[in-house]
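S.K.: This structure is in structure tokens; I'll ask about it shortly.
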Amino acid sequence: MTDKGTIGILTGGGDVPGLNPAIRAVTIRARREGYRVIGIRRGWAGLVDMVRDQKANNSHCYMELTENIVNRAGRTGGTFLHSSRTRPSPLTYTNVPPHLREHYTETINDLTPEVLKNLEFIGIDVLIPIGGDDTLSYGQRLHEEGVNVVAIPKTMDNDVPGTDYCIGFSTCVTRTIEMTHALRTCAGSHERFLVLEVFGRYAGFTALLPTMAGAADRCVIPEHPFDIELLTAMMTEDRNRHPSNYSVVLVSEGATMAHHDDMSFEGEEVDQYGHKKLGGIGDQVAQQLKDLSPKYNNGRRVNVVNQRLGYLVRSGDPDALDSIVPMAFGNMALDLVLQNQFGRLVSIHQGNYDSVPLERLSGEKKIVSVGKYYNTERLRPRYDTFVGRPLFIMTSDT
């Protein structure tokens, strides 16, 4: 029975393990409650590129979801609906679909009117976007335009405001710990510094948690510009103390050195949310550690193993938590739909599942509280803040 209406699901932004379990949870619960379910493909791009003609082939934009379809994908990583970083507002002219270019001729265009018409064209009654704050902020815009929206947070940076936890974070931390431990053999064999660049544009959770778990000796995070001389001194101290003469630092991609305000980018190109692609701070840290090491190592240079973990931590299957939380989030989203509570973001706060208004997305960014959780003099986590904290310790400050 699918007589209650139609629910649309989409995934936007970077892929993470846990998206397919979330899609599966929403679809199975929704269909059993009497809803038809449509998977919108390639994030917001699917609602931009659609042609409103019953004879048109829109299979690249949306598909009907059944239990058989989602059961096949539900235990795998990534998103079988595909993803994009498209934002319908604003959209550059080069990204306007050919069939709309005579109507949208500006350098920057707002295609929200087309998105609203396309939602009506395929009969969407409720929209469930799954994404980070960029993807979900446009979901908030659609809610303000009158669309029934229930949002699910996803990002391995774990920086969506209003929730302690975002889908993908646990797998990211798990993979970072595993890969750091694996690379120790290389660093130890050659008695080197090990520098690993990890995700984290504005928030340092993905560097701080693995370090707290013992994966690294030091970490540098976006919330605190670091002194490279201090880092070199600390790393040399750690190396000299270790029986195999090596030490490890995790470097958030958004970290900056003291007296250097700018983040490190791979190039000048920006995505549709205005973000340049981060990358390169790990290379800079590695080179400066090598150059400065003689000053702190009795005149002898220490070489470096330098690795950017990048997509390795967001690929593959979800871990246990990123299989369980998406299931809960998907069912919570359906609870809100059944209760006619829209404009909500499903969330976790202090270890409890809940939901908050979508307006929380436009508030302050969710970042590490440096005073509580980061020792700026030792460039590593504080270890005296556990009592009364939730599972992931510092992620409750939203």
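The values are calculated or read from the model by the stated rules, or taken from the named source; none is laboratory data. The shown structure was predicted, so the numbers you read here are calculated from the model rather than taken from an experiment. All Cβ positions, even for glycine, are placed from backbone atoms using ideal geometry, and neighbour counts span all protein chains on display. Heads up: the accessible areas ignore ligands, DNA and RNA and are worked out on the full protein's heavy atoms, side chains in. Shrake-Rupley method; radii C 1.70, N 1.55, O 1.52, S 1.80 Å.
S.K.: Which angle between 0 and 90 degrees, to the nearest 10, do you get for helix 228-241 versus the longest principal axis of the chain when only C-alpha atoms count?
M.R.: With rounding to tens, the tilt is 70 degrees.
S.K.: Can you give the translational diffusion coefficient of the chain in µm²/s, computed by Stokes-Einstein from the Kirkwood radius over Cα pairs at 37 °C and 0.692 mPa s?
M.R.: Rounded to a whole number, D works out at 148 µm²/s.
S.K.: State to the nearest 20 debye the size of the charge dipole of the range 303-398 about its Cα centre, where the only charges are +1 on K and R beta carbons and -1 on D and E beta carbons.
M.R.: Using only the charged Cβ atoms, the result is roughly 400 debye.
S.K.: Treating the angle as unsigned and between 0 and 90°, give the value, to the nearest 10°, between the Cα long axis of helix 321-338 and the longest Cα principal axis of the chain.
M.R.: Once rounded, one gets 30 degrees.
S.K.: Given Val198, Thr174, His143, which one lies farthest toward the positive end of the charge dipole of the range 113-233, if we put +1 on the Cβ of every Lys and Arg and -1 on the Cβ of every Asp and Glu?
M.R.: The listed residue farthest towards the positive side: Thr174.
S.K.: If you keep only loop residues by DSSP, which chymotrypsin sites (Phe, Trp or Tyr not before Pro) in the range 321-398 have at most 13 other Cβ atoms within 10 Å of their Cβ?
M.R.: Counting only loop positions with at most 13 other Cβ atoms within 10 Å, the chymotrypsin sites (Phe, Trp or Tyr not before Pro) in the range 321-398 are Tyr383, Phe386.
S.K.: For the range 27-94, count all C-alpha to C-alpha pairs, find those more than 21 Å apart, and express that count as a whole percent of the total.
M.R.: Here the tail beyond 21 Å accounts for 36 percent of pairs.
S.K.: Whole number please: convex hull volume per residue, Cα atoms of the range 215-256, in Å³.
M.R.: 60 Å³
S.K.: Would you kindly find the accessible area of Glu178, with a 1.4 Å probe and non-protein molecules such as ligands, DNA and RNA excluded, rounding to the nearest 10 Å²?
M.R.: 100 Å²
S.K.: Now a separate question. Roughly speaking, what % of Cα-Cα pairs in the range 4-146 are separated by over 26 Å, rounded to a whole number?
M.R.: Above the 26 Å cut-off, the range 4-146 has 21 percent of its Cα pairs.
S.K.: Please report the net charge: other residues with Cβ closer than 15 Å to the Cβ of Ala320, K and R +1, D and E -1.
M.R.: -2
S.K.: How big is the charge dipole of the range 1-105 about its Cα centre, in debye rounded to the nearest 20, if each Lys and Arg gets +1 on its Cβ and each Asp and Glu gets -1 on its Cβ?
M.R.: Computed about the Cα centre, the dipole is about 200 debye.
S.K.: While we're on this one: Checking a compactness column here: for the range 67-201, what do you get for Rg(Cα) / (2.2 N^0.38 Å), N being the number of residues?
M.R.: Computed over Cα atoms of the range 67-201, the ratio equals 1.43.
S.K.: Then there is this: Nothing charged except the Cβ atoms of Lys and Arg (+1) and of Asp and Glu (-1): what's the magnitude of the dipole of the chain about its Cα centre? Round to the nearest 20 debye.
M.R.: The calculation lands at about 980 debye.
S.K.: Still on this structure, please answer the following. If each DSSP helix of 4+ residues adds -39,500 (n - 2.57) and the sum is divided by the residues in the chain, what number results at 222 nm, nearest 500 deg cm²/dmol?
M.R.: Mean residue ellipticity at 222 nm (helix-derived): -10000 deg cm²/dmol.
S.K.: Taking the highest mean first, how do the peptides 158-168, 106-116 order by number of other beta carbon atoms within 10 angstrom per residue?
M.R.: Highest to lowest by the protection proxy: 158-168, 106-116.
S.K.: Let me ask something else. Keeping all protein chains in place, calculate the accessible area per residue for the chain (probe 1.4 angstrom), answer in Å².
M.R.: Here the per-residue accessible area is 42 Å².
S.K.: In addition: Count the net charge of all other residues whose Cβ sits under 9 Å from the Cβ of Val37, scoring Lys and Arg as +1 and Asp and Glu as -1.
M.R.: +1
S.K.: Which listed residue (Gly280, Met327, Val313) has the Cα farthest towards the positive end of the charge dipole for the range 272-354, taking +1 on Lys and Arg C-beta and -1 on Asp and Glu C-beta about the Cα centre?
M.R.: Gly280
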